[in-house]
Structure formats: structure tokens, C-alpha cells
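Following: one structure in C-alpha cells, then a few remarks.
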Amino acid sequence: MACSARAGRIFQTLLGLVFTACIAGAASAQEQDKGTSVRPELGKPVQQAADLIKAKKGREALAKLREAQEVRDKTVYEAYLVERVFGLASASVGDAATAARSFEKVVASPAVPEGERRQFIAAAASQYYAAKEYPKAAELASRYLRDGGPDRAIRTVHVQALYLSNNFAAAAKALSADIEADEQANKAPTEEQLQLLSNAYLQQRDAAGNARALEKLLSYYPKRDYWINALYGLATIPGVSEKLALDVARLKLSTGTLRTAAEYFDAVQLALHAGFPMEALKIIEQGYAAGLLGTGADAERHKRLRTLVDKDLAEDRKLLAQEEAKASSTRDGKTLLNDGFNYVLHGKAAKGVEMMEQGLRLGSGLKRPDHAKLQLAHGYHLAGQNQKAIQAYRTVQGTDGTAALAHLWIIHLRAL
């Protein structure tokens, strides 16, 4: 996965710092004056090993270190020094598991300078990660962070290790905290962070959490694939009303995520069923322009649908002319809302928006107020009044998917 590749690069950077610290420690071992003297029979092979690591001869360094390991009755400092350089040599030849255990022993040693202990915790966490021992990597990375470790690379190792050890809830919690901290600092979270958060929620089958993560992805990285995922995920949220199908199709059309002839065909039928043949015409024309309608085995079926749209639109235009002569006071809220929306579709935005607003204020016949607000907001958008549309979408509070859809519309309109 991409996260693993990045963690590998992070470790290489960190390892360079540890190399410097370890080699410096080995080279000066015989010059310590605080009870840290090293016997020549041990100090010599350790120094040679350090030089071999510098020369990128890790296997030869390990052979020298085995000579040092054979020295008996090592002092605490001598044991610490051998373990420190042995971990470094093991890492240099790609033996991450051995390196991780050596670095962990260094961390536990009373001989390690306090100023370096945290660095070795980070090195152990990274090596455990490289060895795919993810629970241990998460444990040590967590310790590093609790101790105030500032390196963001280890935060990345931490959340990735949690995720890869299947501790998805903890990974989501850690990622959410990091993302919130970034946002409070007016810094955009990385795309990788948000992708991992989305996946962590998906692994827990937390549709609502995944929807929130996708909303953030769309806010910062509005890619078509994320729109597809968000709109697909909307349908999986518990309680989502099937009556939102046309509203979802409208957002798909606006974001360019109607992908198949069947989706276009269904959207046209939904618009016709709702009594908006002008909207149906616009959808079917886009389907033909995209090369998805009018071709293939269903081309004749598409043609029949186009004929039906044209027929219904001709009737609708006649009725619209008749309706203009009627007083608005003779209609209930629902009728005013729908008639007003139809006026907007026919290019009479000012009159249509006014009627829709009046219908919403009147309220009679509106069994689903939040759905009515969605329609008013979409009317504002079609009338070119996106700021009013955003304000209207903010008033949608329904738990049947209307609020979730409204949030997505707000994200989309802000990007226009």
C-alpha cells in the first residue's frame, strides 16, 4: 500500500540519524569518564564494526560484533554499547526484526543517555514496522508520542501500525485527532491521512464515519473517484430514504459521476415521474452527449424514452402557460414549490424562486419539509444563486439522508 512505501522512506530518514548517533557512541566509547570505560577486547571490534557500517559493509560489521558478544562478564555499559551497534548493523543488512529487538533493549538499558532514549524508541518502532510486527510498532510509536516525541513520521508509523494490526477503531481515533489538530492550525490534512481514515471506518462498517471522512476528502481533494465513493456511501447510511433518488441523481449529474447508460436512463425516468420533463430533457441530452445513450443494444429503448420526454415537455409547456394566469393564492405549499421549481427549469428563475420560497413558507401539503428545503436549495443553484443555495442547504436537518446530501451539495458548491 502507498502508506507502507511512505513509512519506508520515513524510516530511511530516521535511520540516518540513528546511524550518526550509534557510530559516534561507538567511536567515543573508550573516552568516557563516567563509569563507562570499555575493555580493549570489546572496544576494538565494536569500533571496527562502526567503521564497517560507515563503509556499508553490514555483514562484516556483524561478524566483528559477534567477537564483542563473546566477551564475558560485560558491564552494563558494554552490553548497551554492543546492543546499540548490533541493532544498527542488523538494520543495515535488512534484518529489521533483530534490529528492532536490539533497539528496544537499548531503550531499556540504564546506560542510554536520556537525550537519546526517545530516538531509539522511534528507531525500534520503525524497525518493528518494517518487520511487519505491527502491534509492537504501534506500542513503541505510542510510547514515543506520549513522551512528547515531535517527529510526525512516527505519528504516521503509529496510525499505520494500528491500522495494519487490525485495530481500526484506535487507528480512526488517532487519525481523527491528528486531522483535527491540523485543521485547528489552519493546515490541510494530507490526502493519505484522510484515505486511511476512510478505510478505517469502512473496516468497522461505520457508514456514518466513512461519510464524514469522505466529506473531508472532497473538501480538500475534490476528485471524481471520491465523489463516486461518497454518493455510493450515502445510499448505505441507515435510514436513507429511497425518495431521495432524484436528488442524488441531480448531484451525480452536477459532479459528473453519472457513469452508465442505466444511470442516465433511471435519472430521466425519475425526473419524468416527479413531473419535471424539462429536467428530464436536460439529463437525456447530457446522456446522448456523453455517448452513453443512443448507442448499443438499448439504442431503440433510449430513443423511445426521448420521444416520451419530448411529448411530456410539450404538454408541460402548455400547462405552464395556463398556470401563469392562475393566482398563487389558489395553490398549496407543495404545489407552489413544484410549480416554482418548474419555472426555474424553464428559465424563469426570478418568478420560480419567489414561488418556491412562498410555498415553503406556506408549508401546506409539504409532508417532508427537509426534502422541500433540498428542492428550494437546488432551485437557487439552477438560478445561479449559489450562496443562497448553500444557506438553504445548511437548514436541512433530516436523518433520512437529506442532511448528508445537503452537506455534499455545500462542499460541491463551495468548489464552483
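The values are calculated or read from the model by the stated rules, or taken from the named source; none is laboratory data. Because the structure is predicted, anything quoted here is derived from the model rather than measured. When we count neighbours, we look across all protein chains shown, and the Cβ atoms used for this are built from the backbone with ideal geometry, even at glycine.
Observations on the structure shown:
- Check on V396, touching an Asp or Glu at 6+ places or on another chain (Cβ under 9 Å), among the aliphatic types (A, V, I, L, M) and within 22 Å of K252 (Cα to Cα): yes
- Residue within the stretch 33-54 that is over 19 Å from S102 (Cα atoms), surrounded by fewer than 17 Cβ atoms within 10 Å (Cβ to Cβ) and at pLDDT below 50 present: yes
- In summary, helices (runs of 4 or more DSSP H) completely within the stretch 53-154 and bearing 1 or more residues that are farther than 26 Å from N167 by Cα occur at 58-69, 76-92, 96-108, 114-130.
- Only listed residue being in a helix (DSSP H, G or I) and either more than 21 Å from A404 (Cβ to Cβ) or among the β-branched types (V, I, T) (or both), chosen from E183, E192: E192
- Some residue of the stretch 137-160 being free of Cβ contacts under 8 Å to residues at least 24 places away in the same chain and aliphatic (A, V, I, L, M): yes
- Of the residues making up the stretch 202-211, not a single one is in contact with a Ser or Thr (Cβ under 8 Å, 6 or more places away or on another chain), over 26 Å from T335 (Cα atoms) and assigned to a loop (DSSP other than H, G, I, E, B).
- Pairs meeting the criteria (first residue in the stretch 296-314 and without any contact (Cβ under 8 Å) to a residue 40 or more places away in the chain and assigned by TED's automatic domain parsing to the domain that holds N342, second residue surrounded by 18 or more Cβ atoms within 10 Å (Cβ to Cβ) and among the aromatic types (F, W, Y), beta carbons under 8 Å, at least 6 apart or on different chains) are D298/F265; R301/F265.
- Of all the criteria given as (1) in contact (Cβ under 8 Å) with a residue 40 or more places away in the chain; (2) surrounded by fewer than 17 Cβ atoms within 10 Å (Cβ to Cβ), the one not satisfied by G94 is (1).
- Residue among A97, A63, A91 that is within 16 Å of A137 (Cβ to Cβ) and modelled with pLDDT of 95 or more: A97
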